[in-house]
Amino acid sequence: MYILGKFCYYPSVAYGLPVSSAPSLKSNETKHIEADDYHKMMSEPNTVIIDVRNRYETEIGHFQPPRGGAEFVDPKVRNSHELPKWLGLPETQDMLKGKKVMMYCTGGIRCERFSALMSQLKQDNPEFETEGEFMLRGGIERYVRTFPEGGYWKGKNFLFDKRQEQIPERKPSEETEKEVESRCCVCKRIWGLYRGQFKCSVQDCQVPVIVCPDCRSEIETGQKVPELQCPLCEEGFRLRDLHTPALKPAEKRKAASAPAGVAERAVKRRAKHQGKAPSQRLFVGSMPLAVDATMVRDALGKGVEIVQWIHDKTTGFWYGSSFVKMATLRDAERVVEAAGSLRIGKRKLRINFAPVPDGESWPPPGFEQVERPPVPV
Ligand SMILES: [Zn+2]
Ligand SMILES: [Zn+2]
């Protein structure tokens with residue numbers, strides 16, 4: 001995937017939480033809804049629709065449900081790490097309680113993680129109950145292709161690849177332009193394109209900002225040296241300082257909620273199909289601690305291009321998991337199909353597809369293949 005250099009903020013799907021308490025995709029009960037049903041659901045009362053993308057994406061385009069229908073909710077996050085903070089707020093939970101909770105993102109992957117986070121917070125707080133969670137299968141991208149006249153989509157769909165934005169194919173572009181509400185952060189005229197890789201100059205913000213062509217050329221020729229501020233900084237809005245809700249560590253939750261092995265197997269079976277679109281990137285876990293990239297290559301067979309050891313974010317140590325890039329999708333599928341029988345030494349490997357999330361660049365810039373993972377001493 002082409003990434004816009006320094007312009008890019010990776011919506012990290014694990015929210016930077018320690019592995020032990022990161023939301024588990026297994027406990028996710030969210031329903032995946034096709035674009036046309038999702039469209040209809042937007043007219044239903046007692047419903048909210050959450051844009052789980054970053055604010056600068058929402059800025060240039062978002063769903064606008066019809067009057068009397070779903071209530072649009074914008075968490076106003078600068079990056080995905082702020083979502084748990086937002087969802088942990090009592091006022092957020094009050095807003096969602098007792099409602100049908102719809103959610104959407106660019107391609108669907110960020111909703112997987114968000115809904116997992118939600119079911120976890122619901123488990124941890126019995127008073128936080130909803131009428132169910134519903135995510136848009138295939139995300140905005142597919143909705144806009146399903147409704148080429150736009151449907152309830154307004155404005156542009158921010159994309160992290162070189163297209164930069166997607167607009168409904170059969171909607172006259174003047175109409176899309178009329179829907180734009182975002183402004184140039186310098187002269188404040190209505191403008192809906194991110195060009196020139198400008199960022200908010202507030203130190204701990206740095207999100208992309210919109211600069212119109214006139215202001216851009218004045219900046220580039222040195223006629224103007226403005227302080228660039230994103231709309232969130234301008235209004236003084238920040239979630240960053242809020243605490244991240246304390247999620248129960250995964251083992252405790254499992255012990256409390258899955259008394260029988262049967263339930264666990266059912267959960268595993270479901271997890272196998274949950275949001276795991278075939279991808280060249282694989283998750284490979286349960287490796288022995290004494291391992292190297294050559295052993296991984298030998299175990300998985302032809303086509304291993306990259307082995308990235310996944311470090312625990314808090315301790316920096318490695319506990320047996322990696323991402324592996326296969327040369328082709330066919331190679332990746334072959335490995336996943338053989339998953340039950342692949343081993344390193346005596347360890348049976350845990351293997352699944354691991355699509356690279358929307359907007360994330362993988363392997364990360366500057367990645368270098370290291371032969372061995374660091375192991376705790
Ligand atoms: Zn301007
Ligand atoms: Zn800012």
Item to complete: Can you give me the number of residues within the range 111-152 that are assigned to a helix (DSSP H, G or I) and either out of contact with any Ser or Thr (no Cβ under 7 Å at 6 or more places or on another chain) or open to solvent by 10 Å² or more (accessible area, probe 1.4 Å) (or both)?
Response: 17
Worksheet item: Which condition number in (1) touching an Asp or Glu at 6+ places or on another chain (Cβ under 9 Å); (2) on the phi < 0 side of the Ramachandran plot is the one that G155 fails?
Response: (2)
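Residue by residue, here is whether (1) buried (at least 17 other Cβ atoms within 10 Å of the Cβ); (2) under 19 Å from E57 (Cα atoms); (3) modelled with pLDDT of 95 or more holds:
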site	(1), (2), (3)
C212	yes, yes, yes
C230	yes, yes, yes
L239	yes, yes, no
R253	yes, no, no
Worksheet entry | Among (1) surrounded by 13 or more Cβ atoms within 10 Å (Cβ to Cβ); (2) on the phi < 0 side of the Ramachandran plot; (3) modelled with pLDDT of 85 or more, the one test that Q274 misses | (3)
Practice prompt. Please state which of the following conditions Q164 fails to meet, knowing it meets all the rest: (1) more than 26 Å from Q206 (Cβ to Cβ); (2) surrounded by fewer than 20 Cβ atoms within 10 Å (Cβ to Cβ); (3) out of contact with any Pro (no Cβ under 8 Å at 6 or more places or on another chain).
Written response: (1)
Practice prompt. Output yes when any residue across the range 363-373 is open to solvent by 60 Å² or more (accessible area, probe 1.4 Å) and of a type in the set (A, V, I, L, M), and no when none is.
Written response: yes
Worksheet item: In the range 191-202, which residues are under 13 Å from R78 (Cα atoms) and assigned to a loop (DSSP other than H, G, I, E, B)?
Response: C200, V202
Worksheet item: In the range 201-244, which residues are more than 26 Å from K156 (Cα to Cα), polar (S, T, N, Q) and more than 21 Å from the chain's Cα centre (by Cα)?
Response: Q203, T221, Q223
Response to the item:
The correct count of residues that are part of a helix (DSSP H, G or I) and among the polar types (S, T, N, Q) in the range 207-241 is 1
Worksheet item: Under 9 Å by Cβ, and 6 or more places apart or on different chains, what pairs join a residue from the range 327-351 that is farther than 17 Å from P278 by Cβ with one that is aliphatic (A, V, I, L, M) and exposed (fewer than 13 other Cβ atoms within 10 Å of the Cβ)?
Response: G345/A290
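The values are calculated or read from the model by the stated rules, or taken from the named source; none is laboratory data. Treat the numbers as computed from the prediction; the structure is a model and nothing was measured. Backbone-built Cβ (ideal geometry, glycine too); neighbour counts: all protein chains shown. The protein model used for the area step is the full one, side chains on, heavy atoms only, and it has no ligands, DNA or RNA in it. Shrake-Rupley method; radii C 1.70, N 1.55, O 1.52, S 1.80 Å.
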